[in-house]
Amino acid sequence: MNHLRDQYGKEIEDVLARYPETQKRAAVMPLLYIAQREDGYVSTQDMDDIAELLAISTTDVASIVGFYTLYHDEQAGRYRIQVCNDLPCALRGADDFLDGLCDHLGVKPGETTPDGVVTVEAVMCLAACDKAPMFQVQSYDGIAYHEVQTVKSAVKLVDGWRKEKASG
Amino acid sequence: MAEHILLRHRDNKEISKLPTYRKGSGFSAFERAVTKLNPEEVTDIVFDSGLRGRGGAGFPTGLKWRFMDKNNWPHYVAVNADESEPGTFKDRELMESNPYQFLEGVMLCAYAVGCNDAYIYLRGEFWDLAHELDKHITKLHKEKLLGDQLFGTEYSLRIHTHLGAGAYICGEETAMLESLEGKLGQPRLRPPFPPSFGLFGKPTVVNNVETLANVPLILEKGAKWYRGFGTEKSPGTKIFSLSGNVMKPGNYELPLGTTFRELIFEHGGGLREGRSIKAIMPAGASSSLIVANDVALDTQMDYENVPNVGAMLGSASIIVIDDSVSMDWLINKTVHFFEHESCGKCTPCREGTYWMKNITERIHHGEAVWDDVLLLNDVATNIKGKCLCALGDFATEAVTSSIERFREDFETRVPQSRPKTEVKLSL
């Protein structure tokens, strides 16, 4: 019983076809993104499934999840607002932006709002230094950039998600 | 610049569309290479152009291609699109807005080194961009510019994108190859270098996005034409990513050898009113801090001249620092970055960046004594040169250079400005 294979068989085959047949392990990162699509994190069951598909150990898969910051092993908000406050962004007001946003949402960096909609995180450089303050939004099925932001514009985005959630 | 060689979408927005790119002679260099030139001839042209790697090291591109081990097959091309250096944002614009020129560069490189499967390793954050590139690649297959037996020859080529997942270290070429193989992104001991032992243990060329984007026009117009830009030792144009305390941050494509002054004041619009320039970091967070005096501002930005003012050109991510910034705050930022991004493989870097973080925190929050500044300098010097890759060294550049060149910033931060013990700083 391999849930990932049952659910995404064709897509997984396409991913595997990109790498030499003897190098299946190379597919571990794309498969982790597929696993994360359903609820925004990789469960231990997902790790077992991927290990089986690639003929590596679950520990190998778990180490990849632990090493890379875009994989998560526990659930957080539906949307992760990841604010860059590295040096170039900080020179353009990113720290104040992050503080303002956190204050408004009533959370500290790393925390999730009580309604489970948003997690705010401070992250490392996102290669958009000329468009600071900026953040990316990691949702279950992708990552999108939001550049030249203010607390007001970010809050508007969050309000939109909340409305979406309320209307089901 | 009158006309761009790389940021050509600034002259013609439509170049991101395949028909427009093809109309402007796009892919004619690739077709001519595959049908009329042998791989060595393509490599020779790139070698003669003097093109140097734009990822930071400035290694001659043609020479790297010549190093590929011809007794070991298959050969791979792994494009470094991991762009993660704080202050660097050029590859993203190139791939987003002039994607086909970049892809043609990948294809020419692949042909030159006899590769049939090329991989583009993008940082995971470039999620949307990777999906756009996938669509472009599909179009190239439909137009028979990619696939089997191209232009009726025996040559076949496929390009695959591969998303990373948030790790600065994967911009280091051997860590990137490990990551592409599905392992932790940790650097390998070198030698052997990738052209003899690279991806899946096979000879591999690793090139930066911007490097490869130069190649189509070099093939089309010739090495001599390309050498008409830039300096003798650093030919061509370069995309300078300008950020920090400057009025108009952004990417500027200028000939190598342009001065800092021209970039910052003419193109970048200078600093905010009432502010003066204090320091420049020419290679992103990995850079030493240059004191922004007249000598520095009049220095040419190329691989040979920037070292004269005590830094490297690197990937040319110019961070401008004004006089409102204190260096204890600045290095606290950079050290936090490197502590977070250290992969943990080499002890000096893993432990050293952690200790530097503790000390810079103390200094920045006014809880340190002068001995702490000396200790910080000592830890930094002990990391340098003792790790498998450059990350360890990079973590120390801003630290040691700012203690040396902006000592007064630390003296005002530390309550006892006189050393408790008379330890002489050897800088």
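The values are calculated or read from the model by the stated rules, or taken from the named source; none is laboratory data. Small disclaimer: the values here were computed from a predicted structure and weren't measured. Glycine gets a Cβ as well: all are built from the backbone with ideal geometry, and neighbour counts include every protein chain shown. Accessible surface areas use protein heavy atoms only, side chains included; no ligands, DNA or RNA. Shrake-Rupley method; radii C 1.70, N 1.55, O 1.52, S 1.80 Å.
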Problem set entry | Two-site label geometry, A:Glu21 and B:Asn116: point separation in nm, points 7 Å out along Cα→Cβ | 1.3 nm
Seminar exercise, completed: Length gained if B:Asn382 through B:Ser196 is fully extended, taking 0.36 nm per residue and subtracting the Cα-Cα distance, is 63.8 nm
Exercise. Given R₀ = 30 Å, FRET efficiency for B:Glu304-B:Glu220 by Cβ-Cβ distance, to 0.05?
Worked result: 0.65
Problem set entry | Accessible area of region B:8-226 belonging to carbon and sulfur atoms, whole % at 1.4 Å probe | 52 percent
For this session: Please report the relative contact order for chain B, taking Cα pairs under 8 Å with a sequence separation of at least 6, and give it as a percent rounded to a whole number.
Result: 15 percent
For this session: Springs between alpha-carbon atoms under 10 Å, Gaussian network over chain B: tell me which of B:Cys349, B:Cys115, B:Cys387 tops the mean-square fluctuations.
Result: B:Cys387
Seminar exercise, completed: Between B:Val291 and A:Lys152, the FRET efficiency computed from the C-beta separation at R0 = 45 Å comes out, to the nearest 0.05, as 0.70
Problem set entry | Fraction of the pair-distance distribution of the protein assembly as shown above 36 Å, Cα-Cα pairs, percent | 36 percent
Exercise. Per residue, how much accessible area does the protein assembly as shown show when a 1.4 Å probe rolls over the protein heavy atoms, in square angstrom?
Worked result: 40 Å²
Problem set entry | Label-point separation in nm, A:Lys108 to B:Ser156, each point 7 Å along Cα→Cβ | 5.7 nm
Problem set entry | Globularity ratio of region B:327-413, using Cα Rg and 2.2 N^0.38 Å | 0.98
Problem set entry | Interface residues, region A:82-112 - accessible area loss of 30 Å² or more versus chain alone, probe 1.4 Å | A:Asp86, A:Leu87, A:Pro88, A:Leu91, A:Arg92
Problem set entry | Computed helical MRE - 222 nm, the protein assembly as shown, DSSP H runs ≥ 4 contributing -39500 (n - 2.57), nearest 500 | -12500 deg cm²/dmol
Exercise. When the accessible area of chain A is split by element with a 1.4 Å probe, what percent falls to carbon and sulfur?
Worked result: 48 percent
For this session: Work out, step by step, the length gained on full extension between B:Ala390 and B:Phe265: first 0.36 nm times the residue separation, then minus their alpha carbon distance; give nm to one decimal.
Result: 41.9 nm
Problem set entry | Normalised alpha carbon radius of gyration of chain B [divisor 2.2 N^0.38 Å] | 1.02
Exercise. Sorted by accessible area with a 1.4 angstrom probe, largest first, how do B:Val309, B:Val246 fall?
Worked result: B:Val309, B:Val246
Problem set entry | Heavy-atom accessible area, 1.4 Å probe, ligands and nucleic acids excluded: residues of region B:85-126 down by at least 10 Å² from chain alone | B:Pro86, B:Gly87, B:Thr88, B:Phe89, B:Arg92, B:Tyr119, B:Arg123, B:Gly124, B:Glu125, B:Phe126
Problem set entry | Compactness index (Cα Rg / 2.2 N^0.38 Å), region B:1-93 | 1.30
Seminar exercise, completed: Between A:Val123 and residues 5 or more places away or on another chain, the pairs with built amide H atoms under 5 Å apart involve A:Val83, A:Cys84, A:Asn85
Exercise. For the pair B and A, how large is the buried accessible area, both sides, in square angstrom to the nearest 100, if the probe is 1.4 Å?
Worked result: 3700 Å²
Exercise. Considering chain A as a Gaussian network with a 10 Å cut-off on Cα pairs, which listed residue, A:Arg92, A:Arg80, A:Arg18, attains the greatest mean-square fluctuation?
Worked result: A:Arg18
Exercise. Angle between the Cα long axis of helix B:370-383 and the longest principal axis of chain B, 0 to 90 degrees, nearest 10?
Worked result: 30 degrees
For this session: Kindly provide log₁₀ I(q)/I(0) values, in the same order as q = 0.10, 0.14, 0.17, 0.18 Å⁻¹, from the Debye equation applied to equal alpha-carbon scatterers of region B:237-321.
Result: -0.18, -0.37, -0.55, -0.63
Exercise. Hey, got a sec? Which GluC sites (Glu not before Pro) in region B:1-97 land in a DSSP loop and have at most 16 other Cβ atoms within 10 Å?
Worked result: B:Glu3
Exercise. In region B:280-382, what percent of the accessible surface is made up of carbon and sulfur (1.4 Å probe, ligands and nucleic acids excluded)?
Worked result: 51 percent
For this session: Please build a GNM for chain B, connecting alpha carbons under 10 Å apart, and tell me which residue among B:Ala165, B:Ala29, B:Ala112 fluctuates the most.
Result: B:Ala165
Seminar exercise, completed: For region B:159-219, listing chymotrypsin sites (Phe, Trp or Tyr not before Pro) in a DSSP loop whose Cβ sees at most 13 other Cβ atoms within 10 Å gives none
For this session: May I ask for the distance between the Cα centers of region A:22-91 and region B:1-56, given as a whole number of Å?
Result: 36 Å
Problem set entry | Largest-first principal axis extents, alpha carbons of region B:8-226, Å | 44, 38, 33
For this session: Kindly sort B:Arg272, A:Arg5, B:Arg158 by accessible area of their heavy atoms, largest first, with the probe set to 1.4 Å.
Result: B:Arg272, A:Arg5, B:Arg158
Seminar exercise, completed: Distance in nm between B:Lys36 and A:Ser139 label points, each 7 Å along Cα→Cβ, equals 5.0 nm
Exercise. Residues in region B:180-217 near a label at B:Asn72, defined as backbone nitrogen under 15 Å from the 7 Å Cα→Cβ point?
Worked result: B:188-206
Exercise. On average, how many beta carbons from a partner chain sit within 10 Å of the beta carbon of a residue in B:317-330?
Worked result: 2
Problem set entry | Residues B:Glu143 and A:Ser43, FRET efficiency given R0 of 45 Å [Cβ-Cβ distance, rounded to 0.05] | 0.60
